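Everything on this sheet refers to the single structure shown next.
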Amino acid sequence: MTAATLNEVLTAACDDKSAVVAFVVHGWEDAKAYVEAAELTNRPIILQAGPGCRKHTPVAILGQMFRHLADAAKVPIVCHIDHARTYEECATAVECGFTSLMIDGSALPLEDNIALTSHVVALGHRHCLSVEGEIGAVGYQNGAQSSLTDVDEAERFARETKIDALAISIGNLHLQTDHTTTIDLDRLRTIEAVTPMPLVLHGASGIDPAMRRLLATEYRVKKFNIGTEFRQEFSRSLRGFLADHPAEFDRLKILSATIAPMRDLAVQVINNLAP
Ligand SMILES: [Zn+2]
């Protein structure tokens, strides 16, 4: 199967009242685990390369890796760039084979965010790719503060930019290590009432799985970005393997031990958001 666009998988998720997991990839082992989970559950997924991953590994290699996995997979796999901040980063991602772009202008004044996002939408749509934009700002645990999404701004931003998916800030927070997020459901309902756009929540590791399911089935949250939960599982399984095999020094054996536990967790997370 060839790589899918965000638009394709989110439209299908709107139709069957499900949501798609956007897995934050850090390397080969986790990417492989996520695709194995997608095939086991027969569900589409999004592989996404964020700024930290792109700093560690050249984006051209990530693009090739994602496309290789997507082309061999039996289910749709979206190859997504997460939190690009400039048009140039998005243009490079297109050249590197990504099928979906997130342009994050959330730190800019509204007019500038609309202008930058519209510019990237023109690029993406010219190449038949999808674009996610963000309005309001999703903060970071022990870092930048959130700015909750203003409903009127969300309506205008979605309409004027012609994006394919809208990331919003309604209590969600990046990098949370437990499920303690409180989602502002009233604000979510009001946003849903002013735009038909599929909605995205970053920082979904902090959202309780039962709440994620409610948001997928009863609301229009169609993409959940999940990273921290899997970084925790990676470390847990790695530490466990090293403790059990103190003499083992083979890098491939050590890292390969993380794949099955990450895959098993990914199956649970995907199934929780399936119809
Ligand atoms: Zn994010």
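Since every read-out is calculated from the coordinates, none of them should be taken as a lab result. Small disclaimer: the values here were computed from a predicted structure and weren't measured. In this analysis, Cβ positions are derived from the backbone assuming ideal geometry, glycine residues included, and neighbour counts consider all displayed protein chains.
Quick check: pseudo-label points 7 Å beyond the Cα along Cα→Cβ at ARG239 and ASN142, how many nm apart are they?
1.5
Quickly rank 264-272, 219-227, 252-260 as a protection proxy: mean count of other C-beta atoms within 10 Å, highest first.
Most protected by this proxy first, the peptides run 219-227, 264-272, 252-260.
Could you give the dipole magnitude of the chain about its Cα centre, charging the beta-carbon of Lys and Arg +1 and that of Asp and Glu -1, in debye to the nearest 20?
That gives a dipole near 480 debye.
Which links in LYS74/LYS222; LYS32/LYS55; LYS17/LYS223; LYS32/LYS223 stretch past 18 Å when you go from one Cα to the other?
Numbers: LYS74/LYS222 21 Å; LYS32/LYS55 20 Å; LYS17/LYS223 12 Å; LYS32/LYS223 20 Å.
Distance filter (> 18 Å) returns LYS74/LYS222; LYS32/LYS55; LYS32/LYS223.
Remind me, relative contact order of segment 121-248 in percent, using alpha carbon pairs under 8 angstrom and six or more residues apart?
21
Of the peptides 113-122, 159-168, how do they stack up when ordered by the mean number of other Cβ atoms within 10 Å, highest first?
Highest mean packing first, the order is 159-168, 113-122.
Residues of segment 140-165 with amide nitrogen under 12 Å from the 7 Å Cα-to-Cβ point of ASP184?
Zone members listed by number: 146-154.
Return the FRET efficiency for the residue pair LYS162, ALA210: r is the Cβ-Cβ distance, R0 is 30 Å, and the value is rounded to the nearest 0.05. Intermediate results must be reported in sequence, preceding the final value.
Values: r = 34 Å, r/R0 = 1.13.
Computed FRET efficiency for LYS162 and ALA210: 0.30.
Going by alpha carbons, how many degrees (0 to 90, nearest 10) lie between the helix axis of 185-194 and the longest principal axis of the chain?
60
Which of the three applies to segment 52-182, rounded, prolate or oblate, going by the alpha-carbon gyration tensor with a ≥ b ≥ c and a/c under 1.5 meaning rounded? Walk me through the numbers before you get to the answer.
On the way: a/c = 1.86, a/b = 1.28, b/c = 1.45.
Here segment 52-182 falls in the oblate category.
Taking only the C-alpha atoms, wrap a convex hull around segment 6-272 and report its volume per residue in Å³ as a whole number.
Measuring per residue, one finds 121 Å³ for the Cα hull of segment 6-272.
Using alpha carbons only, how many degrees (0 to 90, rounded to 10) separate the axis of helix 59-72 from the longest principal axis of the chain?
Tilt relative to the chain: about 80 degrees.
Can you tell me the length gained on complete extension of the stretch ASN42 to LEU110, counting 0.36 nm per residue apart and subtracting the Cα distance?
20.6 nm
What angle do you read, to the nearest 10 degrees and between 0 and 90, between the alpha-carbon axis of helix 259-272 and the longest principal axis of the chain?
40
Work out, step by step, the length gained on full extension between GLN232 and PHE249: first 0.36 nm times the residue separation, then minus their alpha carbon distance; give nm to one decimal.
3.9 nm
Return the FRET efficiency for the residue pair ALA260, HIS125: r is the Cβ-Cβ distance, R0 is 35 Å, and the value is rounded to the nearest 0.05.
For R0 = 35 Å, the calculated efficiency reads 0.35.
Using 0.36 nm times the number of residues separating MET1 and ILE61, minus their current alpha carbon distance, what extension gain do you get?
In short, 19.6 nm is gained.
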